[in-house]
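The values are calculated or read from the model by the stated rules, or taken from the named source; none is laboratory data. Because the structure is a prediction, the values reported are computed rather than measured. Note that we place each Cβ from the backbone using ideal geometry, even for glycine, and neighbour counts take in every protein chain shown.
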Amino acid sequence: MENMWLECIRCHKKFPWNTVIYTCDQCGALLDVKYRFEEPNPESWRGKPFSVWRYENFLPKVREKVSLNEGGTSLYKCDRLAEKFGIKNLWIKNEGENPTGSFKDRGMTVGVSLAKELGSRTVACASTGNTSASLAAYAAKAGLKCVVMIPSGKIALGKLAQAIMYGAIVLAVEGNFDQALNLVEQSSKRLGLYILNSLNPYRLEGQKTIAYEVIEQLGEPPDAIILPVGNAGNISAIHKGITEWKQLGLIEQTPRLIGIQAEGAAPIAHAYKKKKREVTFIENPETLATAIRIGKPVNWEKALRAIYDTNGAAETVTDEQILQAQKLLARTEGIFVEPASAASIAGLTKILDAGLIDKDERIVCITTGHGLKDPDTPIRTCEKPIQVKPDPEIIEKVLQ
Ligand SMILES: Cc1ncc(COP(=O)(O)O)c(C=O)c1O
Ligand SMILES: [Zn+2]
C-alpha cells in the first residue's frame, strides 16, 4: 500500500503503513494515517448502502474486511426536542444503532481488518465498556484472540455481558481506565498484543465515516456537530474526515466541532476554556457516565486541534444535567441512549446559553451508545412500575 503511510502529528516523521507503532519514536506524539488519494468520484459510492465501507475510497485497502454491517445509522430530525431548546434545526445521529450498540464498531471494522492484514493473533484494549464489547465481537468474527482490561466495578452491566458473551478474556483491573490503558500498553510491548484503543490510528479511520454519513444524509455539512468526549478519539476522527473531504474539494464548509465532557472528567474542556494548547490531566476522574470517566485522554492533542481548527468549543456538564437530558431525549423523541451519550444533549443547552451557536444554525448531536447498555441508571432514576391487582376497577382508579 504505497499510497498510505503513518505520520506523526507533531514532528511529521513518516512510518510505513505496516509498522506496528502507536506513538512517534522521535517525539512521542500520536500518529495519523495519511493517503495519496486518487481524484474522488462520488458516483463510485453513491449507489452503495450507507455503511463504513461505502467510503472505502477513503479507508485503508485490506484483503479481507472484518465486518458486521456497521454504520448506516439513522439521522433523526428532532423537532420536538428542538422546540424545547427554542431552536429549529436539530438532528440526532444515533450511533447506538450499530451492531454492538455503539460508534466503536465503525472503528473496529477497520482496526480488526488491519490486525488481520498485519498477521496479529491477539488483539487487546483497555475499556470503559463499549470498546471491549465491540472489540470482542469483531475479534470473534475474525477468529482472533481478544483480551480486554476494564476498570473493576466501573463499567455498565450490559457492556460487561457483551464482552463475556463474545468470548473475550476479561481482566477486571483494580484501578481506573487510565491505569488499565497503561497496563495494556505495557503488556502489548511484552506480549506483542495488537492494541485497538483509539491511540491506534487505523481505528479512527473507521470512525471518521460518521462525518461522511452526516454530510450525505443532510445533503450538506451541518453548522455544528456536538458529541461527548472521553479519550477524545471520536472528535479527532470526525475532524480528520471533514478535513480530508475539504482538502479533496468534496465540501466547502466545515462544521464546528463541539466536545462535551462530564464535569468530573473534563481535562479537554478545562484546557479549551483557558485557551490552552496543552491539557492538565486529572488523577481521579469521576462521573456516573462511566463511558467518559477518563482523566488522561490519549487523543488530547488531536482533539484540541479539532476544536481550534474548526472554531469549535468544549463544555462541561454535571451528572444531574446528563440524567435530565437522557430522560428528555427518550421522552420527546423516543431515543434511549446511555448517560455518556446524553452529555451531547445536556451540552447543547449550555452551548446555546453561552451564545456559542445561533438558534437558527443546523446542529447535529451524536449519541454514541444505546441506552440498554446501562439498564441500572434508568431503574435507579426513573419512576418505579405501579404494582396493581388484576382488577379493571383498580386500573381505572390508578389511571385517573
Ligand atoms: C458511549 C460513549 N460515548 C462517548 C465515548 C467517548 O469517546 P472518545 O473516547 O472517542 O472520546 C465513549 C468511549 O468509550 C463511549 O463509550
Ligand atoms: Zn514525532
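Observations on the model:
- Pairs, first over 17 Å from Phe336 (Cβ atoms) in segment 80-108, second assigned to a loop (DSSP other than H, G, I, E, B) and within 12 Å of ligand 1 (Cβ to nearest atom), C-beta under 8 Å, six or more apart: Lys104/Asn98; Asp105/Asn98; Arg106/Asn98; Gly107/Ser198
- Residue in segment 296-314 that is of a type outside the set (Val, Ile, Thr), outside the structural domain of Leu157 (by TED's automatic domain parsing), more than 19 Å from Ala237 (Cα to Cα) and modelled with pLDDT of 95 or more present: no
- Residue, nearest to ligand 1 (Cβ to nearest atom), within segment 21-40, restricted to residues that are in a loop (DSSP other than H, G, I, E, B) and within 23 Å of Ala303 (Cα to Cα): Tyr22
- Residues (within 16 Å of ligand 2 (Cβ to nearest atom) and within 16 Å of Gln261 (Cβ to Cβ)) located in segment 302-338: Lys302
Let's see how each residue does on (1) crowded, with 18+ Cβ neighbours inside 10 Å; (2) not aliphatic (A, V, I, L, M):
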position: Glu286; (1), (2): no, yes
position: Ile294; (1), (2): yes, no
position: Arg305; (1), (2): yes, yes
position: Glu320; (1), (2): no, yes
position: Ala325; (1), (2): yes, no
position: Gly334; (1), (2): no, yes
position: Glu338; (1), (2): yes, yes
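Rundown of residues vs (1) within 16 Å of ligand 2 (Cβ to nearest atom); (2) out of contact with any His (no Cβ under 9 Å at 6 or more places or on another chain); (3) over 25 Å from Lys373 (Cα atoms), yes/no style:
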| site | (1), (2), (3) |
| --- | --- |
| Ile169 | no, yes, no |
| Val173 | no, yes, no |
| Asn176 | no, yes, no |
| Arg203 | no, yes, no |
| Lys208 | no, no, no |
| Ile226 | no, yes, no |
| Ile238 | no, yes, no |
| Gly249 | no, yes, yes |
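- Applying the criterion of at least 2 residues that are within 16 Å of ligand 1 (Cβ to nearest atom) to the helices (runs of 4 or more DSSP H) found wholly in segment 284-400 leaves 300-309, 319-333, 339-353, 376-381.
Rundown of residues vs (1) surrounded by fewer than 20 Cβ atoms within 10 Å (Cβ to Cβ); (2) within 15 Å of Asn130 (Cα to Cα), yes/no style:
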residue: Ala156; (1), (2): no, yes
residue: Ala163; (1), (2): no, yes
residue: Val173; (1), (2): yes, no
residue: Ser187; (1), (2): yes, no
residue: Lys208; (1), (2): no, no
residue: Glu213; (1), (2): no, no
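- Any pair with Cβ under 8 angstrom, 6 or more apart, that starts in segment 9-25 at a residue that is touching a residue at least 60 places away in the same chain (Cβ under 8 Å) and ends at one that is within 16 Å of ligand 1 (Cβ to nearest atom) and assigned to a loop (DSSP other than H, G, I, E, B): Tyr22/Leu199; Tyr22/Asn200; Thr23/Leu199
- Any chance Asp32 is within 16 Å of ligand 2 (Cβ to nearest atom) and among the charged types (D, E, K, R): yes
- Flag for Lys77 being exposed (fewer than 15 other Cβ atoms within 10 Å of the Cβ) and either touching a residue at least 40 places away in the same chain (Cβ under 8 Å) or under 22 Å from the mean Cα position of the chain (by Cα) (or both): yes
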